[in-house]
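Every number in this text was worked out from the coordinates using simple rules, so none of it is lab data. Computed from a predicted structure; not experimentally measured. Using ideal geometry, Cβ is built from the backbone for each residue, glycine included, and neighbour counts are taken over all protein chains shown.
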Amino acid sequence: MSTRIRAAIVRVAALVMVGAVPAHAQSAHSASLIAFVTNEASNDVSVVDLDARKVVATIAVGGRARGVQASPDGRTIYVAVSDASPTVESSVDAIVAIDAASRRITARIEAGSDPEQLALSVDGKRIFAANEDAGTATAIEIGRRRTISSAVVGIEPEGVAASPDGRWVFVTAETSNSVSMIDARTAKVLGNVLVDIRPRAVAFSPDSRRAYVTAEIGGSLTLIDVRTRAVVTTLPLENGAGKPVGVAVSPDGSRVWVANGAAGRVSVVDARATRVLATIPVGRRPWGIAIAPGGAMVVTANGMTNDISVIDAKTMREIGRVPVGMRPWGVAIVRAR
Amino acid sequence: MPLIPLAYLVAALLAPPAADTLRLTLVVDDTTRQRSLVHGAVLGVEEAAHTGALFGVVVQLRVATAANSSGAARAYHQSAGSPPTSIAIVAGPADVCAGLGAAAAHDSTIVFDAGCAPSWSPRPANVFSLVSLPTASTGDDSTHLELWHWTLDRFGAEQLNQRYARRFGERMDSPAWAGWAAVKIALDLALHAHAAGAARLRRQLDAPRQQFDGQKGRPLYFAPGTRRLVQPLYRVAGSGDAARVVAEVAP
């Protein structure tokens, strides 16, 4: 046996002995994925190298950092920042733009009172933000940094998602138990759908034909048929007691990942059969959830353990934890440049 | 001059003309302790009008005061019209509640008890209670139970407290929550029933898995046997600015 082969065997044995990361997840790591994690109590954003599984930078944003999204090209990270009072609009309330490479704040964009979650148009030129106190959803032109429209939605709007085909913006409203369907081009509300109680987040399937909505108090995931504007089914998660918040759909549309805040677990839902495939223990109070580009890795922001969980999407197992700031809320993942 | 206006009508003007109308009647005795309940109901109907407009439902609230049983029945009948009352909400002494309850039972109208005296008994089968505070002493005189508290801050409680404080310049207390929740539950029923008539709302109330959100972090529902709202309560210590919730009492 050659020295080279013996060394390879030793390396493989070492991997088996420590229960290390599966090979396919390792290959995902080699893609140099960077997670941007908002921390609502420490008012900052942790930048996590998912390869090294460590925080490589912390960016102060000057307020309560919650919703976070990456631009379609992955070059800019947008963070919803607000002050301590949901009913007072102040200079703190803004969408902060961060250059993903330099990790510097490049813009602070007015976005109405108390922006909590946001979505980006497919061309990356507009931001859609939910203004919780005002009961509106605001569309902002990023280039000119100005509000171009505001639509009345339900009370306590929170979750926002833009459909991949560019046609729709869906906004959940926690008190009204509604999802408002906004035409992305005209900014008009074309319909409203009644869903389970306290809807928090919404995500589209890649073909834009389905939308998935979590209901925190209802403890469920609701599937909406976008074309018919109707609820197809509502799937209870964690026996209705998991308080689901974050939701993300895999790039191929086959799986829906839901962060159950109270249960401390992630539900993996078969999108076609609308049934739970697996539940994955993660940190405490996972809210934000994001799927890495390529789909091999899923990350949750765990608010009560001040860390993120890194999940291997194929094995559906947690493969690591990384401590971040205080009360992590949301997460967005881009490839390093 | 009465503390509460004899009639207080709020209508959702933005709703489409062909909309269903959820017509609510609130009858209370004319005392200071009902003021926050009325305020809560007014906030509730303003928010219900907002939500209702999204789904083509108009929400109206009429508030009336009554000093006794016959006054309550008269107030209920005076509020009758077209469309008829969908749900009646009542709070006050037992005779006021009994008068309203009997009048509404005659029309099979649902009644929400948002703060009736525990001595109101027997209660007709059309009465559902949002107030589930136990009357027996817990043996701990330093604390007391509340339906709601202005210091609650989770699951939308902070936002609700701030909306109320901004609207009325005062802290949201238990009667205010009961008034707000009565209206919200009424609208939730109408939206799920796709109708605002009393009969359809009653069927929806009896539907299995019909749950409501009261910004308390748990789904609320009416117990089939007692028709009381099953909900978390809050054990509160201290008073005034020093008051604080020391424990949530699970339903």
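Key figures
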| quantity | calculated |
| --- | --- |
| Prolate/oblate/rounded call for region A:22-335, Cα gyration tensor, a/c under 1.5 rounded | rounded |
| FRET efficiency estimate (nearest 0.05) - Cβ-Cβ, B:His144 to B:Ala199, R0 41 angstrom | 0.60 |
| Average other protein chain Cβ within 10 Å of Cβ, residues A:167-174 | 1 |
| Sorted peptide list for A:127-136, B:180-189, B:49-58, criterion being average Cβ within 10 angstrom, highest first | B:180-189, A:127-136, B:49-58 |
| Extended-chain gain in nm, criterion 0.36 nm per residue less alpha-carbon gap, B:Glu170 and B:Ala250 | 26.1 nm |
| Helix A:3-17 vs. chain A, principal-axis angle (Cα, 0 to 90°, nearest 10) | 50 degrees |
| Karplus (6.51, -1.76, 1.60) ³J(HN,Hα), θ = phi - 60°, over region B:121-130, in Hz, Gly and Pro reported as x | 7, x, 9, x, 6, 8, 9, 10, 9, 8 |
| In the protein assembly as shown, lysine pairs with alpha-carbon atoms under 22 angstrom apart (chain gap of 8 or more, or interchain) | 4 |
| Highest average packing first - A:61-74, B:90-103, Cβ atoms within 10 Å | B:90-103, A:61-74 |
| Distant-in-sequence amide H partners of B:Val249 (H built 1.01 Å from N, under 5 Å) | B:Leu233, B:Tyr234, B:Arg235 |
| Cβ neighbours within 10 Å from other chains - mean over B:47-60 | 4 |
| Per-residue average of Cβ from other chains inside 10 Å of A:209-219 | 2 |
| Whole-angstrom gap from region B:166-203 to region B:60-112, using each part's C-alpha centre | 16 Å |
| Helix-only [θ]222 nm of chain B, DSSP H runs n ≥ 4, -39500 (n - 2.57) each, per residue, nearest 500 | -11000 deg cm²/dmol |
| DSSP bridge orientation in chain B - percent antiparallel, rounded to nearest 5 | 40 percent |
| Sorted by Cβ density within 10 Å, fewest first, the residues A:Asp93, B:Asp141, B:Asp206 | B:Asp141, B:Asp206, A:Asp93 |
| Packing rank of B:243-250, A:186-193, where each peptide gets the mean count of other beta carbons within 10 Å, highest leading | A:186-193, B:243-250 |
| Long-range amide H partners of A:Ser178 with built H, under 5 Å | A:Ala173, A:Val195 |
| R0 of 35 Å, Cβ-Cβ distance B:Ser132-B:Asp241: FRET efficiency to nearest 0.05 | 0.80 |
